[in-house]
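Nothing in this text is a laboratory measurement; each read-out follows from the coordinates by a stated rule. The shown structure was predicted, so the numbers you read here are calculated from the model rather than taken from an experiment. We place every Cβ from the backbone using ideal geometry, glycine too, and count neighbours over all the protein chains shown.
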Amino acid sequence: MNGQNDDYVYDEATGEWRPASEIAAEKAKAAEVCDASGNVLANGDSVILIKDLKVKGAGETLKRGTVIRSIRLTDNPEEIDCRHETIKGLVLRTEFVRKR
């Protein structure tokens, strides 16, 4: 070896043995949650709706331009968990929000 102390992992997608740190960095980048404009979102961010959204089960429509504060990221990079003053337990798709 080249004197490196890096573990190698077999990557089934490429069929090669690759450094574990390289694969971990790629997974971290893929797990980034981005809004409709490509801005990276984090827990606690505020977002603005870019489209009117009918909320199933609540009989309400959230209007474009509505500010949602203190979002929480989920395991799915395409969804965020949030609260609105009239709707608790709201899950929004990231394609319908923009970072404030």
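Taking the convex hull of the alpha carbon positions in the chain and averaging its projected area over all directions gives 8.7 nm². Residues whose amide H lies under 5 Å from that of T66, counting only those 5 or more places away or on a different chain, are L49; hydrogens are built 1.01 Å from N in the peptide plane.
With a threshold of 23 Å on the Cα-Cα distance, the over-threshold entries among K54/K88; K51/K99; K51/K88; K27/K54 are K27/K54. By the helix-only formula, in which each DSSP H run with n ≥ 4 contributes -39500 (n - 2.57) and the sum is divided by residues, the chain has a 222 nm mean residue ellipticity of -3500 deg cm²/dmol.
Counting Lys and Arg as +1 and Asp and Glu as -1 over every other residue whose Cβ lies under 12 Å from the Cβ of K51, the net charge comes to +3.
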